[in-house]
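The values are calculated or read from the model by the stated rules, or taken from the named source; none is laboratory data. As the structure is a prediction and not an experimental result, all values here were calculated from the model. Positions of Cβ are generated from backbone atoms using ideal geometry, with glycine treated the same way; all protein chains shown enter the neighbour counts. Remember, those area values only see protein heavy atoms, side chains included, never the ligands or the DNA or RNA. Shrake-Rupley method; radii C 1.70, N 1.55, O 1.52, S 1.80 Å.
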Amino acid sequence: MNSYISSVIFIFLLGGTVFYIGARRRLFKGLNVHELVTIAVFCSLLYIAGLPFKFGLSRIPFIHAFTYSIPFTAVLFIGIRLVPKLGTATLIIFGHSLLSQIISRGINPLWWPYALLAGFVLELYFLLCRSYLESRANVLGAGLLRGLVVYIYFYYISAPYIWHIFYAPWYIFVQTLQGVIGSGIGALIGFSLSKPIISAYRHGGL
Amino acid sequence: MRYISRATFFHHLDPRTKILMSLACACLIVILNTSFSLFGLFMILLAAFFSVKPPLSYIKITTYLMGMAIVATVISQGFFYYFEPRTPILTILPKDAGLIGKLTGGISIYREGLIYGIVQSMRLFSATLLSMIIVMSTHPSDLILGLKRFGVPEKIGFMLTVSIRFLPALAEEAKRILIAQKLRGLRLKGLRGAIKGFRLLLQPLIIDSLRKARRTALAAEVRGFTGKRTEIKNIRFLWTDWVTLSIVFLIMVLAIKSRFHL
C-alpha cells in the first residue's frame, strides 16, 4: 500500500481515537451559534493572515516555511484560546483549507487529510495535556508540535504523492526546522496577543 | 482570481459535477505517469480554461503562475533528483566540502532531474488550470451548496458561508488598519518590520471581527437559527452533467487501466 493511502487511514484512525477519548471524557459540549461564527471568522482571518505571504514574503527564497508559519500559528492559537473546546482546532484548520480551496485553489480532496492531520494532532495534544493553551509552556509545545507534524507530512507524504515532487532530506530538515521555529514564535505571539482579546471577549467588552 | 459571471458550458454545469470533476482530475494528476499522458491532460485542461472565456488579466496571472511553477520545479528537481542513474552537470558543493558537504551529501544539479522537473511541472500546470476553471465558473455559494448535497454537515456549510461573507470586510479592515498605522509612523520594511506590523495589525483586526461575529451570531440566534438552512437556489443534474461525468469516468477507467496494466 502506498504511503499516502496508509497516511489517510492513519489520520482517520487518529481522528477517531481523539474524538472517542473526547466522548469518553465527556468533553463534547457542542458549539453554539456564537462560537461557530467566531470559528468562521478565524477561518477568514487565517486566509487574510496568509495573503502577505502569497503576495510578498513568499518571494524570499528558502525561508518561506518560517515566514508563513508565524502568522498562521498566531491567528490559529488566538482562535483556539477564544473557543477552548474539542474540535475547535480541527474546524478552524479544515475550515480554512476548504475556504481557500473554494475561493482560490479549487476543490481538491487529496489535500484534506493534510488539514485534518494538522487539526487532529493539536486535539490529541490538548487531550493529553488536559489544557487548551492555558500556559506559555503548553502553547510553545503545541506550536512546535504543529510545525513538526505539518512540515514533515507535507515534504514526505503530500508533495511527493500529489505533485510527484521530491526533496532532499537535508532540505526537508531545514524547512521543517524553520517551520518548527516559526510555529513556536507564532504560538508565543498568539499567546501574548490573545490575553486582552480573551478578557474583552469573555466579559462582554466587545 | 474570482468567479466571473458568463454563460459558458462550465458555468452551466451543476456544482456537484464540478466537485466530482475536480476529484477525478486530482486523481488523474497523481495516477498519470508518462510525459505524453500528462501533456494530454494539460492540453485538455488548457482548452477547458479558454472555454470559460477568462479576461486577459487572468490569462496573465495564469501564465505567471505557470512560469513560476516550471522554474521552481525544474530547479528543485534538478537539485533533489535521487533516482539512479543521474548525471551531475554542475556541482555546487562537493561531498567532501566540510561539514555542510557531509551533512547534505553534496549539492549538484542533475540532468535527469531537470528533465523530470519539466515533466512534473505538467502536473502543477494541470492543477493550476483546474483550480482556475472551478473558481472562475462556480460561485462560492454554489460550491458550498454542492458540498452540502454531498453530505458536508450543515454547520460546516454555515461556517463556510459566514467565512466567505466576512472575507472582503476583513481584508478591507486590515488595509485600513495598516494605513492608519503607517500614518502614525509604522515602518514595515524587512522581516522584523513585517512581524512588528503583523503584531500591531492583528489585535485591532481580531477585536473588530469579533464585534462583527457577535452581531452576526445575535442576528442568527434571534431568528431561531439551529444550524439548518433552506436555500432559495436549487441545484439539479441536467443531461450535460451526466454526459460530462460519463466522459470523466471513462477517462479515469482508461487512465487506471493503462497505469496499472489491467
The stretch A:30-39, residues that are touching a residue at least 24 places away in the same chain (Cβ under 8 Å) and either open to solvent by 20 Å² or more (accessible area, probe 1.4 Å) or outside any helix (DSSP H, G or I) (or both): A:LEU31, A:GLU35
Residue count for the stretch B:228-256, restricted to those that are open to solvent by less than 100 Å² (accessible area, probe 1.4 Å) and not hydrophobic (A, V, I, L, M, F, W, C): 5
Test: residue in the stretch B:35-45 that is on the phi < 0 side of the Ramachandran plot and in a loop (DSSP other than H, G, I, E, B): no
Restricting the stretch B:168-184 to residues that are free of Cβ contacts under 8 Å to residues at least 12 places away in the same chain and under 15 Å from B:LEU202 (Cα atoms), the residue that is farthest from the other protein chains (Cβ to nearest Cβ): B:ALA180
Failed item, numbered, when A:TYR201 is tested on (1) modelled with pLDDT of 90 or more; (2) open to solvent by less than 40 Å² (accessible area, probe 1.4 Å): (1)
Restricting the stretch A:11-54 to residues that are hydroxyl-bearing (Ser, Thr, Tyr) and more than 7 Å from every other protein chain (Cβ to nearest Cβ), the residue that is farthest from A:VAL149 (Cα to Cα): A:TYR20
Some residue of the stretch A:177-195 being small (Gly, Ala, Ser), within 13 Å of chain B (Cβ to nearest Cβ), over 15 Å from A:TYR125 (Cβ atoms) and open to solvent by 10 Å² or more (accessible area, probe 1.4 Å): yes
Verdict on B:ALA194 being in a helix (DSSP H, G or I), modelled with pLDDT of 85 or more and among the small types (Gly, Ala, Ser): no
Condition check for A:PHE42: modelled with pLDDT of 90 or more and either surrounded by fewer than 19 Cβ atoms within 10 Å (Cβ to Cβ) or part of a loop (DSSP other than H, G, I, E, B) (or both): no
Lone unmet requirement of (1) at pLDDT below 90; (2) buried (at least 21 other Cβ atoms within 10 Å of the Cβ); (3) of a type outside the set (D, E, K, R) for A:PHE166: (2)
Condition check for B:LYS53: at pLDDT below 80, basic (Lys, Arg) and open to solvent by 40 Å² or more (accessible area, probe 1.4 Å): no
Residue that is loosely packed, with under 14 Cβ neighbours inside 10 Å and facing chain A (nearest Cβ under 10 Å), where the choices are B:GLY117, B:GLY98, B:GLY105, B:GLY113: B:GLY105
